[in-house]
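Colleague: Here you go, one structure.
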Amino acid sequence: MTATATPLERTEIRPGRPILAPKGGPAVRPTAAAHLTDDQVEQLGRELDAIRDRVIATRGEKDARYIRRVIKLQRSLELAGRITLLFSKRKAALVAGTAMISVAKIIENMEIGHNVLHGQWDWMRDPDIHSTTWEWDFVSPAATWKHTHNDLHHTWTNVVGKDKDVGYDLLRMDEDQPWTPRALGNPLYNLVLMPFFEWGIAIYDLELEAWRQGDKPTADLKRDLKLTAKKALRQFTKDYTATPLAAQLVSRSGRNALIGGFAANCIRNVWAHAVIFCGHFPDGADTFTEEMIEGETRGDWYIRQMIGSANISGSKLMHFMTGNLSHQIEHHCFPDLPSNRYAEVAVELREICERYGLPYTTGPLPRQVYQAWAKVCRLALPPKRLPKQTVNQTPVLPRRGAFPIAARVL
């Protein structure tokens, strides 16, 4: 992006995109794309635009039926789960009710809420399934989340210093982030964040760091605090007051219903945390400097989304339960396309990456989770410094066989 460019020198801005240069390229391309010429990047951009345009042109009743069926399934599961918890004095009812509510919350957050709030279903013109009216089952209000996620994260994906999702203002998740002793707590912070992920995101969406730095007006912070408090009260009432109270009146099982509601939220949070971290933090997901986005074209933007994201391989059920964020690469290239179309698009994007010599990072969930956690732990430690050497000093090499096995394999 060039700060001095005039509006006439810029291309059309699509949802979730920064202001793009019409020609040329950034001053420095990421290492994974350094072999591409400006013309190749431009051609890649045209190919991905064509994919997007084709999907938009073929959206229709089949897609609309899909999202309506998903919403019906989710609401039926949640209702059945809450009714079951009314009799949670029995262990079987407690387990079954908790399981149903957990799955319902995961589906609502991942396949419905996240995607509806991206505007993926706005084309239906259904006021009940629209990004401007949907309020999801999450502590963070839709309005604040859409700003930090849709406007900021999807625009500046993995750009260190601009995309605050790199660590969520809590974790050190990239070597370019300065190390401080606070980073030693990385594993502990992440362990606590997992079961309380929705609360961590709600705090993150307040943009407290931006407010401390003077980039966010106090009036805006007060507005967001009120929205978050109102939403938190609503969530707390539904999960920790209404259902337990009803259970207590029906079968004197209010305590168990309270436990079930808390467990369901924790299960949903752990799952959401795992899926999100697998999308941007495993090995192979790249990060970028601000220099790499100066003069960024549409093709360069696509490349940044592709090499800055990671997919999760697995079954159709797994893809569904991740809200199709297992197709994170496709989602970041086309955040406003219906999620049920990502599987078909993934075949084409993978072929394009192979043809242009770009990495297409994907792997099973356990491996991606392990790699994300390994990064959390590794970046908790201060960066290693090479010993100082004089001009005539011979560097000291480790003895033969002293390298760890992993280092030798790499």
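Colleague: Stretched out fully, how many nm does the piece from Arg355 to Arg46 gain, at 0.36 nm a residue minus the Cα gap?
Modeller: In short, 109.8 nm is gained.
Colleague: Next question, about the same structure. With a bin width of 10 angstrom, please list the P(r) values of the range 35-128 as percents of all Cα-Cα pairs, from the 0 bin to the one holding the largest distance.
Modeller: Histogramming the range 35-128 at 10 Å steps yields 14, 29, 22, 18, 10, 5, 1 percent.
Colleague: Here's a follow-up. Treat each spin label as a single point 7 Å out from the Cα along the C-beta direction, and report the Thr31 to Arg54 distance in nm.
Modeller: 3.4 nm
Colleague: Can you give the Kirkwood hydrodynamic radius for the range 192-311, in Å, rounded to one decimal and based on Cα pairs?
Modeller: Kirkwood hydrodynamic radius for the range 192-311: 17.8 Å.
Colleague: What is the order of Arg75, Arg29, fewest Cβ neighbours within 10 Å to most?
Modeller: Neighbour counts put them in this order, fewest first: Arg75, Arg29.
Colleague: Also, I was wondering about something else. Which order do Lys226, Lys146 fall in if you start with the one that has the fewest other Cβ atoms within 10 Å?
Modeller: Going from least to most buried by this count: Lys226, Lys146.
Colleague: Assuming a ≥ b ≥ c are the square roots of the Cα gyration tensor eigenvalues, decide whether the range 199-268 counts as rounded (a/c under 1.5), prolate (otherwise, with a/b larger than b/c) or oblate.
Modeller: In terms of gyration-tensor shape, prolate.
Colleague: Continuing with the same structure: If each residue of separation counts as 0.36 nm, what is the full-extension length gain between Leu73 and Val270 once their alpha-carbon separation is subtracted?
Modeller: 68.7 nm
Colleague: Moving on. Note down the magnitude of the dipole of the chain about its Cα centre, charges +1 on Lys and Arg C-beta and -1 on Asp and Glu C-beta and zero elsewhere, to the nearest 20 debye.
Modeller: 1960 debye
Colleague: Pop a pseudo-label 7 angstrom from the Cα along the beta-carbon direction at both Ala219 and Arg252 and give the gap in nm to one decimal.
Modeller: 5.7 nm
Colleague: Given H placed on each backbone N at 1.01 Å, which residues far from Thr297 in sequence or on other chains put an amide H within less than 5 Å of it?
Modeller: Answer set, sorted by chain and number: Ala21.
Colleague: So for the pair Cys377, Lys23, with labels modelled 7 Å out along Cα→Cβ, what separation do we get in nm?
Modeller: Here the modelled spin labels are 5.2 nm apart.
Colleague: List, largest first, the extents of the alpha carbons of the chain along their principal axes, each in whole Å.
Modeller: Reported extents, whole Å, longest axis first: 82, 55, 46.
Read the figures in this text as sums done on the coordinates, not as results from a lab. None of these values were measured; they are calculated from a predicted model. Neighbour counts run over all protein chains shown; Cβ positions are idealised from the backbone, glycine included.
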